[in-house]
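Before any comments, here is the structure.
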Amino acid sequence: MKPTVAPFPATRLRRMRQSPALRAMMRENTVTPDDLIWPVFVMAGEDDETPVASMPGVVRRTVDRIAQAAVEAQSLGIPAICIFPYTGMEARTEDCAEAWNPDNLTNRAIRAIKDVAPDIAVMTDIALDPYNINGHDGFVEDGEIVNDRTVEALVKMGLAQAEAGADILGPSDMMDGRIGALRTALESEGHQNVTILSYTAKYASAFYGPFRDAVGASAALKGDKNTYQMNPGNSDEALRLVERDLMEGADMVMVKPGMPYLDICRRVKDSFGVPTFAYQVSGEYAMIQAAAQNGWLDHDKVMMESLMSFKRAGCDGVLTYFAPAAARLMQG
């Protein structure tokens with residue numbers, strides 16, 4: 001039902017903008033640290049970190065430094081941290097076996113975080129690209145990224161992460177059937193309480209470039225990911241994917257990238273009413289950081305405005321590299 005608004009001057013919409021108190025009362029959406037998931041990059045070594053040149057302010061950390069970051073996140077009220085491994089070319093193979101090694105970087109980082117910050121939720125990434133000599137999210141056979149064999153490997157990867165103590169598994173591979181296979185395996189192996197945040201609508205986007213630098217995938221990638229990631233021109237397809245993943249056992253769904261796809265976020269939330277997240281990806285972050293460093297934008301204001309856009313679009317939360325800076329700002 002369309003609301004009725006009295007004609008001017010009985011209605012003066014500016015009345016409710018006259019003071020901070022009135023503007024606060026009228027605010028329809030808010031952002032708090034509870035809305036944030038902090039993506040972090042783990043690398044080999046000890047007590048060290050390396051800046052990611054294309055993502056100003058972001059670093060790769062060794063496992064011990066990742067644990068320290070989790071303690072910081074917990075102190076800032078950030079409820080979850082998401083781990084992405086930087087894997088050197090020497091550890092990348094055709095069979096991607098390092099992906100389900102119980103002692104790989106991700107699984108060691110999970111255990112290290114749980115030792116020092118047990119109350120923070122640990123999220124992981126499930127895809128083969130950090131371990132694949134070809135840089136793809138799935139196995140490559142005769143130039144084709146094959147689906148079913150990849151799903152079998154992803155299940156092994158997810159079970160290893162669950163055994164290490166992960167709270168949230170994030171399948172980002174976009175293979176068909178992987179949510180159902182993963183949920184079935186978790187149930188049969190006694191991990192009924194491990195949640196799945198599915199990268200349900202993940203687009204074949206040009207905004208991922210800095211991330212691929214951060215995980216060492218840029219040089220490894222052969223070809224593109226158009227046969228498994230979504231066409232940026234499609235919207236209805238996203239709803240079909242969400243419905244499928246929910247029916248297969250996903251607890252939460254994600255749209256990726258974020259700001260260029262806010263219309264998808266809104267359609268997903270309105271259509272399904274399920275926990276809906278977006279990933280403010282590396283390219284979005286890098287653009288804001290670069291503009292702020294050049295003095296073209298106010299960093300803090302644009303950061304918070306960008307995060308508010310996700311809440312206004314219906315998101316329950318957002319994965320963002322801004323998480324610690326935004327949480328500090330919100331805490332004053």
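Okay, here's what the table says:
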item: Antiparallel content of DSSP bridges confined to segment 31-330, in %, to 5; result: 10 percent
item: Histogram of C-alpha separations across the chain, 10 Å bin width, %; result: 6, 25, 35, 22, 7, 4, 1, 0
item: Helix-only CD estimate at 222 nm, as mean residue ellipticity for the chain, using -39500 (n - 2.57) per DSSP H run (n ≥ 4); result: -11500 deg cm²/dmol
item: Cα pair distances exceeding 18 angstrom across segment 287-332, given as percent; result: 29 percent
item: Spatial separation of Cα centroids for segment 10-38 and segment 65-90, in angstrom; result: 32 Å
item: Mean shadow area of segment 43-140 over all directions, Cα convex hull, nm²; result: 6.6 nm²
item: Max mean-square fluctuation residue, GNM over the chain, Cα-Cα springs under 10 Å, options Met174, Met287, Met25; result: Met25
item: Computed over the chain: relative contact order in percent, which uses C-alpha pairs under 8 Å that are six or more apart; result: 18 percent
item: Segment 75-115 - Rg and Dmax from Cα coordinates, angstrom; result: 12.9, 41
item: Among Asn147, Asn231, Asn29, residue whose mean-square fluctuation peaks in a GNM of the chain (springs only between Cα atoms under 10 Å); result: Asn29
item: Cα shape, segment 148-250, gyration tensor, a/c 1.5 rule; result: oblate
item: Segment 195-234 - convex hull of the alpha-carbon atoms, volume per residue in Å³; result: 99 Å³
item: Alpha-carbon centroids, segment 227-295 and segment 149-225: separation in whole Å; result: 16 Å
item: Global geometry of segment 115-167, whether rounded, prolate or oblate, following the gyration tensor of its Cα atoms and the 1.5 cut on a/c; result: prolate
item: Of Trp38, Trp296, Trp100, the one that fluctuates the most in a GNM where the chain has Cα springs shorter than 10 Å; result: Trp296
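Read-outs throughout are calculated quantities, based only on the coordinates presented, and are distinct from any laboratory measurement. As the structure is a prediction and not an experimental result, all values here were calculated from the model.
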